[in-house]
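Only the coordinates and a few stated rules stand behind these numbers; no lab work does. Bear in mind that the values here come from a model prediction, so they are computed numbers and not experimental data. Note that we place each Cβ from the backbone using ideal geometry, even for glycine, and neighbour counts take in every protein chain shown.
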Amino acid sequence: MNELELELDYVTAILSLPSHYAFRAREKGLAELVADLNSVAEWLEAHKPPAKWTATSRRQQRVRLAVLLKPLFEEQFGEQARPVGGSAAVADADSNDWMRFFQMAASVFFGENATPDRQAVLWEANWPPLQMP
């Protein structure tokens, strides 16, 4: 904007407005907004969580999604929501309806075509709830 102040067409266009003073005041407010947003961006960059924390948080969100979907799947499809196989990854062709259902939901909620560590997430969602003494 500061560079445009020296352009004749820009100055002429501003002066042709009914209230060019009001326009200039809003223009200065825009510069203040840009400065504020730059400060926010710098703070966010300085305080961003470590990558491992982010990965752990995403995994917890996947487990939570599986826990929430499990009763819905069992009620609607009349099947037990348990993954097939052990802890090793299972190809989609070898998976069951619950695993495919969860993967479709994960693709909607998280934009994941293939959930990392899907087997472990689904087995963890199958754990019984903790009993508090």
Taking every Cα atom in segment 29-133, find the radius of gyration and the maximum pairwise distance Dmax, and write them in Å. 19.3, 61
Please give the calculated 222 nm ellipticity per residue for the chain, where each DSSP H segment of at least 4 residues contributes -39500 (n - 2.57) and the sum is spread over every residue; nearest 500 deg cm²/dmol? -21000 deg cm²/dmol
Which is farthest toward the positive dipole end of the chain among W53, F109, I14, measuring Cα position about the Cα centre, with Cβ charges +1 (Lys, Arg) and -1 (Asp, Glu)? W53
Just to confirm the number: angle between the C-alpha axis of helix 97-110 and the first principal axis of the chain, 0 to 90 degrees, nearest 10? 10
Test item: Cα-centred dipole of the chain, Lys/Arg +1 and Asp/Glu -1 on Cβ, debye: 600
Amide H within-cut-off set for V90, under 5 Å, with H built and near neighbours excluded: Q119
Angle between the Cα long axis of helix 51-77 and the longest principal axis of the chain, 0 to 90 degrees, nearest 10? 60
Evaluate the distance, in nm, between pseudo-label points positioned 7 Å from the Cα of A51 and of R82 along their respective Cα→Cβ axes. 3.8
Which listed residue (P129, G85, S95) has the Cα farthest towards the positive end of the charge dipole for segment 64-133, taking +1 on Lys and Arg C-beta and -1 on Asp and Glu C-beta about the Cα centre? P129
Tilt relative to the chain, helix 20-46 - C-alpha long axis, 0 to 90 degrees, to 10: 40
